[in-house]
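Participant: Please see the structure below; I have some questions.
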Amino acid sequence: MFSMIGHAIFGLIVGIVARMIIPGSQRMGIIMTCLLGIGGGWLGGFLGKALGWYKEGEAAGFIMSVAGAILLFFIYRMI
């Protein structure tokens, strides 16, 4: 249970940082920002493993999570 709460808090922080980096107005609420951050962490970890930066079982770092969240935000904006 605490792991899920930790992921949500980390996702919220990553989502807020990603939204601060991206210019323009973003019309999404706190829940979508949190989901964007959690998805960014997952995508960052997946890309890091594919590029050989992380080993299996390692979590993505903060910078890679923010990069993944920014990529997800651009995909979200295109849809």
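What follows draws every value from the coordinates through simple rules; no lab data is involved. Remember, it's a predicted structure, so these values are computed and weren't measured experimentally. Heads up, the Cβs are rebuilt from the backbone with ideal geometry, glycines too, and the neighbour counts pull from every protein chain shown.
Participant: Using each residue's phi in the stretch 67-78, evaluate 6.51 cos²θ - 1.76 cosθ + 1.60 at θ = phi - 60° and report the 3J(HN,Hα) Karplus result to the nearest Hz, with x for Gly and Pro.
Facilitator: Couplings: 4, x, 5, 5, 4, 5, 5, 5, 5, 4, 5, 5 Hz.
Participant: Can you work out the Karplus-derived ³J(HN,Hα) for every residue in the stretch 33-40? Use 6.51 cos²θ - 1.76 cosθ + 1.60 with θ = phi - 60°, whole Hz, and x for glycine or proline.
Facilitator: 5, 5, 5, 4, x, 5, x, x
Participant: Quick one: compute the contact order of the chain, relative version, from alpha carbon pairs under 8 angstrom and 6+ residues apart, as a percent.
Facilitator: Numbers: 107 pairs, mean separation 26.3, N = 79.
Reported as a whole number, the value is 33 percent.
Participant: Let me ask something else about it. Once both axes come from the Cα atoms, what is the angle between helix 2-21 and the longest principal axis of the chain, in degrees from 0 to 90, rounded to 10?
Facilitator: 50 degrees
Participant: Could I ask something else about it? Rounded to the nearest 0.05, what FRET efficiency is calculated for F74 and I9 with R0 set to 25 Å and r the Cβ-Cβ distance?
Facilitator: Details: r = 24 Å, r/R0 = 0.96.
Computed FRET efficiency for F74 and I9: 0.55.
Participant: Starting from the Cα-Cα distance between R27 and F62, subtract it from 0.36 nm times their residue separation and give me the gain in nm to one decimal. Mind dumping the intermediate values first?
Facilitator: Values: separation 35, 0.36 × 35 = 12.60 nm, distance 2.37 nm.
Answer, rounded to one decimal: 10.2 nm.
Participant: Can I ask one more? I need the Debye-formula profile for the chain: one equal scatterer per C-alpha, no solvent, reported as log10 I(q)/I(0) at q = 0.12, 0.14, 0.21, 0.24 1/Å, two decimals.
Facilitator: -0.31, -0.42, -0.87, -1.06
Participant: Could you sort 4-12, 69-77, 25-33, 40-48 so that the peptide with the highest average Cβ count within 10 Å comes first and the rest follow in order? List each step's numbers first, then the result.
Facilitator: Working: 4-12: 14.1, 69-77: 17.4, 25-33: 11.9, 40-48: 20.4.
The packing order, highest mean first, is 40-48, 69-77, 4-12, 25-33.
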